[in-house]
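Undergrad: This is the structure I want to talk about, given as structure tokens.
The values are calculated or read from the model by the stated rules, or taken from the named source; none is laboratory data. Keep in mind it's a predicted model, so treat the numbers as computed, not measured. Virtual Cβ from ideal backbone geometry, glycine too; neighbours counted across all protein chains shown. Surface accessibility is based on the protein's heavy atoms, side chains included, excluding ligands, DNA and RNA. Shrake-Rupley method; radii C 1.70, N 1.55, O 1.52, S 1.80 Å.
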Amino acid sequence: MLVFFIIVALPAITGLFTSVSADQAVEAGVEVEVNIPQGATGDQIASILSENNIIPDPQDYYAEVKAQNADMSLKPGDYRFTTLQDPADVVAQLVAGPNVQGVTLTIAEGLTVKQTAKRVEDVYGISADDFMAQAKASNYAADYDFLADVADDSLEGFLYPKTYSFAGTPTADDIIRAMLDQYQVEVDSLDFDGARATIKSRYGVELSDYDLLIMASVIEREALTEDQRYNVSSTFYNRLEAGMPLQSDATMMYVTGGAVTSEDLKRESPYNTYLNQGLPPTPICSPSLASINAALAPADTDYLYFFITTDDEYFSETYDQHLAAIEENR
């Protein structure tokens, strides 16, 4: 039997649904597979079920969730349902957990789109070149408002790091939409507006939501621990306020794909934050939620420099202190 695997974009406005009308002529009993993203709200789950015609009337579904006291028990994952299914059975299955077992794809924090494409190729056999060709913001901007202001038609930063499971053989589009859905779920509760206002007030720097994601990606590649993220964030904002370049090796690593030499730091590139003021033009990886939070709420410090190794960390307010920290680590 041919089974279609469907992942849908989460709606920008939740809680407003309409029942399937008679003139839509939805055939009952057709198998449909959907993915419920990690962290999806009750309204988002209802939207996914409704848009795929699994539940004929979202209000009946809500009533059944209440009747089964299932609000906090609905589990994310891959499910096989049928169109116009009994809402009681749908809710019971969501409480029991995923009923489709597929191959898992783990995307680690800090991977670039190119590295993600290689990982997808290794797991599912989808050509990395084909994945890269599909991974263009213009292919998804109409469905995801947060892609409106991206640079270079790039999805860099938005392919959310997580473990995903797909039934059967997903397409590049299936995988990308699952990652974009997950990004939307993860950041949905974050106060970007408040963060932008606070950063402007504290540092005199005006940033967009996209800029904050760029900052989070640089933090992801520079910090090693939770506490370091907030201090690294503070250091970078302090440098922006002081009119200093970020001087992040990580942004040039995005260009070189590996180690950065002193000669690399002399190369002209929009990602060379030694030669250019401000942020790089796009994120340099997909940051974790922890790094996004650090970009939105930096620690309150006077640090202008940091030096981090696998064993030690040194945050400094002056260049002399920074040089002393480097010398101490020799």
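Undergrad: Just the Kirkwood number for the range 82-158, please: inverse of mean 1/r across all distinct Cα pairs, in Å, one decimal.
TA: 15.3
Undergrad: Still on this structure, please answer the following. Restricting to Cα atoms and excluding each atom paired with itself, what does the Kirkwood estimate give for the range 239-330 in Å?
TA: Roughly 14.7 Å, rounded to one decimal.
Undergrad: Within the chain, what's the longest run with no GluC sites (Glu not before Pro) in a DSSP loop and at most 11 other beta-carbon atoms within 10 Å? Give the range, please.
TA: The answer is 28-205.
Undergrad: Report the convex hull volume per residue for the range 259-311, counting only C-alpha atoms, in Å³.
TA: Value for the range 259-311: 150 Å³ per residue.
Undergrad: If you don't mind, another one. Quick one: angle between helix 172-187 and the longest Cα principal axis of the chain, in degrees between 0 and 90, rounded to 10, please.
TA: Compared with the principal axis, the helix lies near 70 degrees.
Undergrad: If you average the sequence gap of Cα pairs under 8 Å that are 6 or more apart and divide by the length of the chain, what percent do you get for the contact order?
TA: 16
Undergrad: Here's a follow-up. Quick one: angle between helix 58-67 and the longest Cα principal axis of the chain, in degrees between 0 and 90, rounded to 10, please.
TA: 90
Undergrad: Continuing with this model, one more query. Per 0.36 nm of contour for each residue apart, how much would the distance between residue 259 and residue 171 grow if the chain were fully extended, relative to their Cα-Cα spacing?
TA: Net length gain for the segment: 28.4 nm.
Undergrad: I've got another one for you. For a Förster distance of 25 Å, can you work out the FRET efficiency between the beta-carbons of residue 122 and residue 101, rounded to the nearest 0.05?
TA: My answer for the efficiency is 0.80.
Undergrad: Using a Förster distance of 25 Å, how high is the FRET efficiency between residue 317 and residue 224, based on the Cβ-Cβ distance and rounded to 0.05?
TA: Calculated value: 0.75.
Undergrad: How far, in degrees from 0 to 90, does helix 226-242 lean away from the longest principal axis of the Cα atoms of the chain, to the nearest 10?
TA: 60
Undergrad: Near the amide H of residue 155, under 5 Å away, which other amide H atoms are found, from residues 5 or more places off or on another chain, if H is placed in the peptide plane?
TA: 137
Undergrad: Is there a pair in 118/266; 114/200; 75/118; 114/266 whose C-alpha atoms are over 31 Å apart, and which pairs would that be?
TA: From the list (118/266; 114/200; 75/118; 114/266), the Cα-Cα distance tops 31 Å for 114/200.
Undergrad: Further question: Take the Cα pairs of the chain, get the Kirkwood Rh, then feed it into Stokes-Einstein at 25 °C and 0.890 mPa s and tell me D in µm²/s.
TA: Using the Kirkwood radius from Cα pairs, D works out to 113 µm²/s.
Undergrad: Let me ask something else about it. If Rh is defined by the Kirkwood formula over all Cα pairs and Rg also comes from Cα, what ratio Rg/Rh do you get for the range 152-204?
TA: Here the Rg-to-Rh quotient is 1.16.
Undergrad: Rounded to the nearest 20 debye, what is the charge dipole size of the range 119-231 about its Cα centre when +1 sits on each Lys and Arg Cβ and -1 on each Asp and Glu Cβ?
TA: Around 260 debye, computed over the range 119-231.
Undergrad: Above 18 angstrom, tally the Cα pairs of the range 218-282 and express them as a % of all pairs, no decimals.
TA: 35
Undergrad: Where does the range 67-220 land on the Kirkwood hydrodynamic radius, alpha-carbon pairs, in angstrom?
TA: 17.7
Undergrad: With equal scatterers on the alpha carbons only and no solvent term, can you work out the Debye log10 of I(q)/I(0) for the range 195-244 at 0.19 1/Å?
TA: After summing over all Cα pairs, the log10 values are -0.60.
Undergrad: Hey, can you find the accessible area per residue of the range 163-281 for me, probe 1.4 Å, expressed in square angstrom?
TA: That works out to 42 Å² per residue.
Undergrad: Report relative contact order for the range 58-186 in percent, whole number only (criteria: Cα-Cα under 8 Å, sequence separation at least 6).
TA: Worked out over the range 58-186, it gives 25 percent.
Undergrad: Return the carbon/sulfur percentage of the accessible area of the range 230-330, one whole number, probe 1.4 Å, all protein chains in place.
TA: Here it works out to 47 percent.
Undergrad: How far is it, in nm, from the label point at residue 275 to the one at residue 163 when both lie 7 Å from their Cα along the line to the Cβ?
TA: Result: 4.3 nm between the two label points.
Undergrad: Return the Rg/Rh value of the range 180-319, two decimal places, where both radii are evaluated on C-alpha atoms and Rh is the Kirkwood radius.
TA: 0.94
Undergrad: Then there is this: In square nanometres, what is the average projected area of the Cα convex hull of the range 26-134?
TA: One quarter of the hull surface, i.e. the mean projection, equals 8.1 nm².
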